[in-house]
DNA sequence: ATGTAC
């Protein structure tokens, strides 16, 4: 594996063997994975062999090993040219993403109430392995409505306000969800989890705006220095996981029928326009809407606690996914093409003026929400005109040490003391879970974001720092 | 990420 430096934040893997296009990695040299110890760039090369792939197999600065595709990967296939869709290009946590809310309240004014706020959130946010969810659904019929309607359905049922939907990617729901493709087992797993955080790197954080890079965009997003925010990072829980598992099994079976062979079994795929490809996209969309409704409900729970303790409202800045495939039109080799754009651990970053943006965000561009690892900053970015990689950017810090290694290096109790020494309050679900998420198990988020901007993928708008964390 | 194993 050889990396050719094209510019300080852009490296190329030239096509070899079955690769149809090059690999392109957007990262400073210091963030590049070690090609001897880490297989994630082999995964970038493997993705480049997929039928119908156009331009390049892209990797964001937070790239790391995933199932088949790397996390931090972007790949687009040409639908009309027999291009494939692959569940591994989306990941198990379908439409995992981030929701950011802001309060008209400064960090200093919150300080005397912070402990009570964190206790309230601790009690109100279901998380970890324990059962519990904000919203108990009445049965499959209601779940099916949620799988089609996403956040819009939650708001229609009284869980939120109409303005929330204008501040959700896709206005709260992706189209073409097909609940008929969702197995009974997926329904069973998802039924009791709407409005629950999960575990791993998922969190709810109380944060403060620490630095503004772009005043005009920050103003459009409703962000100012010193202001208190709530960030929620969660996904589609057991529902998305089961849907991914089910659909992978189908694709593994039908690949020979379409004469598809892949260098790694985890790259199972089918043509976008085949029955199996369409079935996956319908099921994936259902899981995506589940994830959005999940974050809507978590946001509602946070709002109730926040209002009770501080007597202030939380307004939605934005809700955005970083694990999704979408059919989009892009110009490739001078012609408009319908592409299936896989983003796995990668975030869509619409530039200013994009027609999919609501009017009040048109001048600034789309808010892109980048969650940091525990105890480290998070970022708000925005899209830029003429960006490469189908208007995509990074999604977070990216793990560099395994959960096991992380848990061995530090005890959760010590980590909590370290965070509290930095005035960050911690409400965890388990000591082990806390230790697995130690910040030094992740890349430096600030370096990741700098690389993304340096590579021309996005622009920095604001930096947020944690003041209290609720961990799954 | 995940009822951390079909």
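The values are calculated or read from the model by the stated rules, or taken from the named source; none is laboratory data. Nothing here was measured: the structure is a model prediction, and the numbers come from that model. A quick note on method: Cβ atoms are made from the backbone with ideal geometry, for glycine too, and the neighbour counts reach across all protein chains shown.
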The stretch A:419-460: number of residues that are within 16 Å of DNA strand B (Cβ to nearest atom), assigned to a helix (DSSP H, G or I) and surrounded by fewer than 22 Cβ atoms within 10 Å (Cβ to Cβ) | 5
Among the candidates A:463, A:416, single out the residue that is in contact (Cβ under 8 Å) with a residue 12 or more places away in the chain, away from DNA strand B (no atom under 16 Å from the Cβ), under 23 Å from residue A:221 (Cα atoms) and outside any loop (DSSP other than H, G, I, E, B).
-> A:463
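So which residues in the stretch A:70-101 are within 16 Å of DNA strand B (Cβ to nearest atom) and not in a loop (DSSP other than H, G, I, E, B), if there are any at all? I'd like the intermediate steps shown before the answer.
First pass over the stretch A:70-101, keeping only residues within 16 Å of DNA strand B (Cβ to nearest atom): A:70-73, A:86-99.
Residues satisfying the conditions are A:71, A:72, A:73, A:87, A:88, A:89, A:97, A:98, A:99.
Yes/no per residue for (1) more than 20 Å from the chain's Cα centre (by Cα); (2) assigned to a helix (DSSP H, G or I); (3) free of Cβ contacts under 8 Å to residues at least 40 places away in the same chain; (4) more than 14 Å from DNA strand B (Cβ to nearest atom):
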position: A:233; (1), (2), (3), (4): no, no, no, no
position: A:238; (1), (2), (3), (4): no, yes, no, no
position: A:249; (1), (2), (3), (4): yes, yes, yes, no
position: A:260; (1), (2), (3), (4): yes, no, no, yes
position: A:266; (1), (2), (3), (4): yes, yes, no, no
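Being surrounded by fewer than 20 Cβ atoms within 10 Å (Cβ to Cβ) and touching a helix residue (DSSP H, G or I) at 6+ places or on another chain (Cβ under 8 Å) is the filter here; which residues of the stretch A:361-374 pass it? Show your work before the answer.
Filtering the stretch A:361-374 down to residues surrounded by fewer than 20 Cβ atoms within 10 Å (Cβ to Cβ) leaves A:362-363.
Passing the criteria: only A:363.
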Among the residues of the stretch A:306-318, is there at least one that is within 16 Å of DNA strand B (Cβ to nearest atom) and either outside any helix (DSSP H, G or I) or modelled with pLDDT of 95 or more (or both)?
-> no
At least 3 residues that are within 16 Å of DNA strand B (Cβ to nearest atom) in each: list the helices (runs of 4 or more DSSP H) lying fully within the stretch A:130-199 that qualify.
-> A:184-191
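Out of all the residues in the stretch A:392-411, which are in a loop (DSSP other than H, G, I, E, B) and surrounded by fewer than 24 Cβ atoms within 10 Å (Cβ to Cβ)?
Start the filter on the stretch A:392-411 by keeping residues that are in a loop (DSSP other than H, G, I, E, B), which leaves A:394-398, A:400-402, A:410-411.
Residues satisfying the conditions are A:400, A:401, A:402, A:410, A:411.
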Those residues of the stretch A:221-237 which are surrounded by fewer than 19 Cβ atoms within 10 Å (Cβ to Cβ) and touching a helix residue (DSSP H, G or I) at 6+ places or on another chain (Cβ under 8 Å), in sequence order | A:224, A:226
